[in-house]
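Presented below is the structure to which this report refers.
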Amino acid sequence: MDRFVSDGEARAAIAKGGRIEKVLVIAMRDGHGQGRAEFVPYLATTWRRGYVAIGLWSGQGARSWRDLTRLVGFFREEFKFLGPICVHEADDPKLRKLRTLFPASSVPGSELDPKAPPHTS
């Protein structure tokens with residue numbers, strides 16, 4: 001199963017009656033957890049199983065935001081999601097409980113390379 005969803009796929013599914021049920025945002029930080037955060041949202045939807053991230057246009061990785069206000073605005077305006085949006089640090093022990101909800105090898109923080117260039121919006 002693909003671990004990413006495109007903006008277009010999400011919009012099309014919502015137009016057909018699908019819903020985003022939950023949004024979980026992971027704050028990724030460089031510099032051993034002390035640097036500026038990049039926020040990666042993971043969605044639980046009615047049309048996909050498990051949590052998925054929004055993929056980059058290039059298809060290579062998850063989309064992230066540096067500005068949390070813009071990320072929240074994106075979900076409110078583009079996807080009409082009015083539910084709660086929970087933010088967790090990437091090393092939050094509570095995320096371990098969600099391992100079964102994420103597709104294999106896409107638990108937040110598992111595929112992150114602190115040396116990789118950021119892909120932000």
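The values are calculated or read from the model by the stated rules, or taken from the named source; none is laboratory data. Since we're looking at a predicted model, the values are computed, not measured. For neighbour counting, all protein chains shown are included, and Cβ atoms are generated from backbone atoms with ideal geometry for every residue, glycine included.
Can you tell me which residue within the stretch 1-45, out of those that are acidic (Asp, Glu) and more than 15 Å from Lys80 (Cβ to Cβ), is surrounded by the most Cβ atoms within 10 Å (Cβ to Cβ)?
Within the stretch 1-45, the first condition is being acidic (Asp, Glu), and the residues that meet it are 2, 7, 9, 21, 30, 38.
Retained after the next criterion (residues that are more than 15 Å from Lys80 (Cβ to Cβ)): 2, 9, 30, 38.
Working: Asp2: 12, Glu9: 18, Asp30: 15, Glu38: 22.
Taking the candidates together, the pick is Glu38.
May I ask you to list the residues in the stretch 52-68 that are in contact with a helix residue (DSSP H, G or I) (Cβ under 7 Å, 6 or more places away or on another chain) and closer than 17 Å to Asp30 by Cα?
Trp65
So for the stretch 98-119 (the condition being over 15 Å from Ser6 (Cα atoms), at pLDDT 85 or above and exposed (fewer than 11 other Cβ atoms within 10 Å of the Cβ)), does at least one residue qualify?
no
Only residues that are of a type in the set (Gly, Ala, Ser) and either buried (at least 21 other Cβ atoms within 10 Å of the Cβ) or more than 20 Å from Pro84 (Cα to Cα) (or both): list them for the stretch 46-72, please.
Taking the stretch 46-72 and keeping what is of a type in the set (Gly, Ala, Ser), we get 50, 53, 55, 58-59, 61-62, 64.
Across the stretch 46-72, the qualifying residues are Ala53, Gly55, Ser58, Gly59, Gly61, Ala62, Ser64.
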